[in-house]
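Contents: one structure, followed by commentary.
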Amino acid sequence: MAGLPTSSITAICGEDKILATETINYFLDPEGAETFPQLVDRAKRLLTHIETLTKDLSTDSSILLVTHGDFGKMLYAAYYDIPWEDVLRQFHFGNSEVLLLSKDSSPDKAHVFETQQFNT
């Protein structure tokens with residue numbers, strides 16, 4: 001699809017293989033790449049691993065995890081048990097932004113630091 005206008009993505013790929021949002025067109029069945037359900041599964045495994053590593057830390061400890069946007073959104077989906085499709089539509093998670101995943105914070109308060117994005 002290199003060199004083609006982004007407006008042709010849906011026509012070329014089919015509406016059932018694209019989830020279009022205000023800022024991004026997500027490919028739902030990319031050949032040779034992870035799907036979003038697979039990303040959620042990987043996010044759940046990572047959250048379980050982090051819980052295991054930190055089980056002896058005090059409850060007021062914090063962890064900073066740096067990741068790419070789509071995986072960050074799938075961590076959010078896994079942590080708060082929200083369907084991945086809904087999360088993709090909820091917000092754009094851009095470069096240098098922060099999500100707070102905490103038992104003391106509701107999902108609607110998780111996107112705590114947003115920056116102006118110039119690549120959207």
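The values are calculated or read from the model by the stated rules, or taken from the named source; none is laboratory data. As the structure is a computational prediction, the values presented were derived from the model and not from experiment. All Cβ positions, even for glycine, are placed from backbone atoms using ideal geometry, and neighbour counts span all protein chains on display. Heavy atoms of the whole protein, side chains included, go into the accessibility calculation; ligands, DNA and RNA do not. Shrake-Rupley method; radii C 1.70, N 1.55, O 1.52, S 1.80 Å.
Of all residue pairs spaced 6 or more apart or on separate chains, those with beta-carbon atoms under 6 Å, a first member in the stretch 50-78 that is of a type in the set (D, E, K, R) and a second member that is open to solvent by less than 100 Å² (accessible area, probe 1.4 Å) are 73/87; 73/93. Among the numbered conditions (1) surrounded by 12 or more Cβ atoms within 10 Å (Cβ to Cβ); (2) in contact (Cβ under 8 Å) with a residue 60 or more places away in the chain; (3) over 14 Å from the mean Cα position of the chain (by Cα), the only one that residue 105 does not meet is (2).
Within the stretch 15-120, which helices (runs of 4 or more DSSP H) (wholly inside it) include 3 or more residues that are of a type outside the set (Asp, Glu), at pLDDT 85 or above and over 30 Å from residue 5 (Cβ atoms)?
Details: elements: 36-54, 69-80, 84-90.
In the stretch 15-120, the matching helices (runs of 4 or more DSSP H) lie at 36-54, 69-80.
Can you find even one residue in the stretch 30-42 that is exposed (fewer than 14 other Cβ atoms within 10 Å of the Cβ), without any contact (Cβ under 8 Å) to a residue 24 or more places away in the chain and among the aliphatic types (A, V, I, L, M)? Within the stretch 30-42, one or more residues are exposed (fewer than 14 other Cβ atoms within 10 Å of the Cβ), without any contact (Cβ under 8 Å) to a residue 24 or more places away in the chain and among the aliphatic types (A, V, I, L, M).
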